[in-house]
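Chemist: I'd like to ask some things about the structure below.
Read-outs: derived from the displayed coordinates by stated rules, not from any lab. Given the structure is predicted, the values throughout are model-derived calculations rather than measurements. Neighbour counts run over all protein chains shown; Cβ positions are idealised from the backbone, glycine included.
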Amino acid sequence: MERAAGIITTNYTSVRPSKLAKLRPLAALPVGGRYRMVDFALSNMVNASIRTVGIILPYNYRSLVDHLGSGKEWSLDRKHGGIFMLPGSPFGTASFGPRFLLRDLLDNRSFLEKEIRPFVVVTGANIICNMDYNDIIDAHIETGADITVLTSTAHQDNPALTRFELAGDRVRESSVGVLEGDTQFLDCFVVSIDYLLGLLDLYQSADYLDLFEALQGDYDRVHVQSYAYESASTMAIFSDECYYKNSLRMLETEVLDVLFDFQRPVFTKSHDNPPAKHEPTARVKHSIISGGSRIAGRVENSILGRDVVVSKGAVVKDSIIMQSCTIGPDAEVKAAIIDRNNTIPEKTQIKGTQKDVYIKGKGLDYANSF
């Protein structure tokens, strides 16, 4: 039964300047070869029977709109409900870009006012996980909280995530930046639509703030409940460095089994590519090779997007090669991220390290690609 609508916010940036997010929002960043980051949040909603989803767009929305289209792949091309592209506002004053900017919510108030379902699930798009949102909705109803936030224990420092100080399971304080062992906010919360509209009325004069910045002085009055979700497969991506590290974690079987649970499939845009072709000279080990690719060289511990060519004698190791790239004969690419539409010439060597990954931005024809 549909109990909630959904909002996915994509109007924010990375922690530091990023070659990968310069011409696309973080939500449209490719992961796992054929997916985009937004696919996980959107699939979680669809798998929880949420059939009305608003996407708050950033200024560089083109690649995101091209990917989502009418929402057909997520069964959201519907007469009633479906997917709605909502305008985003200029960034607020938060150091790392607010994910839940009050101005974004205020400017799209009509989306909430027209909704007949009692609750709304609001998420960012850069936390990769596969969970049943019905669990957090059930917990929200059971506790009677004003807002229920999804949290986990931080296993590493992250300056972009929000830290919550808890008294039992109730939030008493929040701040930006988490250290290992802190309770971190996974950028997902549930609230009744009527209560959220009331908060927007209360805080409309501070519309330049993030919702949870505005709440910092009101946790005694507003009951914000924590719902813990502990999964080793959860990934927060806010920088090129953590994008590289977490992407390669998808090669681990235990992570793949959780992220791509067949009971909760991850949907994405279909491109109808042919299967990858492995030539007799190909050697592939511990890698993800997407459809349409042609492999004649050696690929190890790497992720290749659609329509990638690895020529004879070429070596790709510990790297992420995005769509429509060609690795020339006898070229070598190690510890690198090669964005789409690039050609690595014959016998060229590109070598980064695990701590200093080489990143090559989009190719020269990026203006005509998404």
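Chemist: Do any GluC sites (Glu not before Pro) in the range 123-203 lie in a DSSP loop with no more than 14 other beta carbon atoms within 10 Å, and if so, which?
Modeler: When the GluC sites (Glu not before Pro) of the range 123-203 are filtered for loop state and at most 14 Cβ neighbours within 10 Å, GLU180 remain.
Chemist: A further question follows. From the convex hull of the Cα coordinates of the range 39-137, what is the mean projected area in square nanometres? Walk me through the numbers on the way to the answer.
Modeler: Details: hull surface 27.1 nm².
With the hull built on Cα positions only, its mean projection is 6.8 nm².
Chemist: Averaged over every viewing direction, what's the projected area of the C-alpha convex hull for the chain? Give it in nm², one decimal, please.
Modeler: One quarter of the hull surface, i.e. the mean projection, equals 17.7 nm².
Chemist: Computed over the Cα atoms of the range 123-262, what is the ratio Rg over Rh, Rh following Kirkwood?
Modeler: Here the Rg-to-Rh quotient is 0.98.
Chemist: Given +1 on the Cβ of Lys and Arg, -1 on the Cβ of Asp and Glu, and no further charges, what dipole in debye does the range 287-329 carry about its Cα centre, rounded to the nearest 20?
Modeler: Once rounded to the nearest 20, the dipole reads 120 debye.
Chemist: A follow-up question, please. Principal axis lengths of the range 277-365 from Cα atoms, whole Å, largest first?
Modeler: Principal extents (largest minus smallest coordinate, Cα): 33, 28, 23 Å.
Chemist: From the cross-link list LYS245/LYS334; LYS19/LYS285; LYS285/LYS317; LYS317/LYS360; LYS285/LYS312; LYS312/LYS362, which pairs have alpha carbons spaced over 19 Å apart?
Modeler: Numbers: LYS245/LYS334 14 Å; LYS19/LYS285 28 Å; LYS285/LYS317 10 Å; LYS317/LYS360 15 Å; LYS285/LYS312 16 Å; LYS312/LYS362 24 Å.
Check vs 19 Å cut-off fails for LYS19/LYS285; LYS312/LYS362.
Chemist: Work out from phi, with θ = phi - 60° and the Karplus expression 6.51 cos²θ - 1.76 cosθ + 1.60, the ³J(HN,Hα) of each residue of the range 108-125, listed in order in whole Hz, and give x for Gly and Pro.
Modeler: Couplings: 10, 4, 4, 4, 6, 5, 7, 7, 8, 6, x, 10, 9, 9, 10, 9, x, 10 Hz.
Chemist: When DSSP assigns beta bridges and you keep just the ones with both residues in the chain, what percent turn out antiparallel, to the nearest 5?
Modeler: Given both bridge residues lie in the chain, the antiparallel proportion sits at roughly 35 percent.
Chemist: If you don't mind, there's one more thing I want to ask. Can you list which of the trypsin sites (Lys or Arg not before Pro) found in the range 179-249 are DSSP loop residues with at most 11 other C-beta atoms within 10 Å?
Modeler: On the way: sites: ARG221, LYS245, ARG249; in loops: ARG221.
For trypsin sites (Lys or Arg not before Pro) across the range 179-249 that sit outside H, G, I, E and B with at most 11 neighbouring Cβ atoms in 10 Å, the list reads ARG221.
Chemist: Measure nothing fancy, just the Cα-based angle from helix 193-203's long axis to the longest principal axis of the chain, in degrees from 0 to 90, nearest 10.
Modeler: 80 degrees
Chemist: Excluding residues on the same chain fewer than 8 positions from LYS114, give the aspartates and glutamates whose Cα lies under 20 Å from its Cα.
Modeler: Excluding near neighbours in sequence, the set is GLU2, ASP77, ASP104, ASP194, ASP201.
Chemist: Place a +1 charge on the Cβ of each Lys and Arg in the range 277-365 and a -1 charge on the Cβ of each Asp and Glu, then give the dipole magnitude about the Cα centre in debye, rounded to the nearest 20.
Modeler: Roughly 160 debye, rounded to the nearest 20.
Chemist: Follow-up. If you line up the long axis of helix 133-143 against the longest principal axis of the chain, both from Cα atoms, how many degrees apart are they, to the nearest 10?
Modeler: 20 degrees
Chemist: Helix 240-249: angle to the longest alpha-carbon principal axis of the chain, degrees 0 to 90, nearest 10?
Modeler: 80 degrees
Chemist: Could you pull out the trypsin sites (Lys or Arg not before Pro) across the range 295-362 that fall in loop regions by DSSP (anything but H, G, I, E, B) with no more than 10 other Cβ atoms inside 10 Å?
Modeler: Values: sites: ARG298, ARG306, LYS312, LYS317, LYS334, ARG340, LYS347, LYS351, LYS355, LYS360, LYS362; in loops: ARG306, LYS312, ARG340, LYS347, LYS355, LYS362.
Sparse-neighbourhood loop trypsin sites (Lys or Arg not before Pro): LYS355.
Chemist: Which value, in debye to the nearest 20, gives the size of the charge dipole of the range 4-259 about its Cα centre, when Lys and Arg are +1 and Asp and Glu are -1 at the Cβ? Don't skip to the end; give the middle numbers.
Modeler: Numbers: 22 positive and 33 negative charges, 226 e Å.
With only Lys, Arg, Asp and Glu charged at Cβ, the dipole is about 1080 debye.
Chemist: As I understand it, the dipole of the chain uses +1 on the Cβ of Lys and Arg and -1 on the Cβ of Asp and Glu, about the Cα centre. Which of TYR244, PHE40, GLY144 lies farthest toward its positive end?
Modeler: It is TYR244.
Chemist: How much length is gained if the chain between LYS245 and LEU202 is pulled fully straight, taking 0.36 nm per residue apart and subtracting their Cα-Cα distance, in nm to one decimal? Before the final figure, lay out the partial values.
Modeler: Values: separation 43, 0.36 × 43 = 15.48 nm, distance 4.08 nm.
Full extension of this stretch gives 11.4 nm more.
Chemist: If you don't mind, another one. 5 Å is the cut-off here: which amide hydrogens, built 1.01 Å from N in the peptide plane, fall below it relative to THR348, excluding neighbours closer than 5 in sequence?
Modeler: Here ALA331, GLU332 satisfy the definition.
Chemist: Return the whole-Å distance between the Cα centroid of the range 98-129 and the Cα centroid of the range 287-365.
Modeler: After rounding, the separation between the Cα centres reads 38 Å.
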